[in-house]
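This report refers to the structure that appears directly beneath it.
The values are calculated or read from the model by the stated rules, or taken from the named source; none is laboratory data. Just so you know, these numbers come straight off a predicted model, no measurement behind them. Cβ placement follows ideal geometry from the backbone for every residue including glycine, while neighbour counts extend to all protein chains displayed. Side chains included, ligands, DNA and RNA excluded: accessible areas come from the protein's heavy atoms. Shrake-Rupley method; radii C 1.70, N 1.55, O 1.52, S 1.80 Å.
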Amino acid sequence: MFNSILMPIDLQDTHLAMKAIKIAIDEARKHDAEIHVLTVMPGFGMPMVSTFFTDNKTMKDAMKTVAKELKKCIASNFPKDIKTHPHITEGNPAERILYQAEKLSIDLIIIPSHAQSLGQVFLGSCATKVVEHARCSVMVVKG
Ligand code: ADP
């Protein structure tokens, strides 16, 4: 029984996420669950990157743009009868996904195996860390 599903989405590659989104919708309907859709902006906290973003405003503007994109993505891909919650955060994608899974008491993470179609590699780097370290169930969706 799953009440709370986490669906991490890399907004730079929603194409490969489509199959995972369909499965998340099915699971949500089956279990009457809510879907938390999370996108992580990588990098602002990294010393090399943060030197280019010395003012808070640039970072806030970037967050706002990403928030709009995420809402658009949810509006066009998730039907209205599914309860969705958008989340935007910044940092290392795998670490943030694992952190949010704990914070939101997620009981199922649904994650595509890759962000980009790399062919032979079984699992992408972020998906690998999530599968290895998540304390809840993880469904890996292969492209
Ligand atoms: P690859 O190594 O091919 O880029 P990843 O493991 O990074 O593959 O991506 C697999 C999945 O992990 C993505 O489809 C997405 O669900 C999640 N993911 C990766 N980066 C992010 C991100 N910045 N924000 C949210 N989810 C992400």
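Numbers below:
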{"read-out": "Positions within the stretch 58-85 being open to solvent by 50 Å² or more (accessible area, probe 1.4 Å) and not in a helix (DSSP H, G or I), in sequence order", "value": "Lys80, Asp81, Lys83, His85"}
{"read-out": "Tally of residues being touching a strand residue (DSSP E or B) at 6+ places or on another chain (Cβ under 8 Å) and surrounded by fewer than 16 Cβ atoms within 10 Å (Cβ to Cβ) across the stretch 105-136", "value": "1"}
{"read-out": "Complete set of residues in the stretch 1-21 that are within 10 Å of the ligand (Cβ to nearest atom) and in a loop (DSSP other than H, G, I, E, B)", "value": "Ile9, Asp10, Thr14"}
{"read-out": "Unique residue being within 10 Å of the ligand (Cβ to nearest atom) and modelled with pLDDT of 95 or more when the list is Ala115, Ala94, Ala75", "value": "Ala94"}
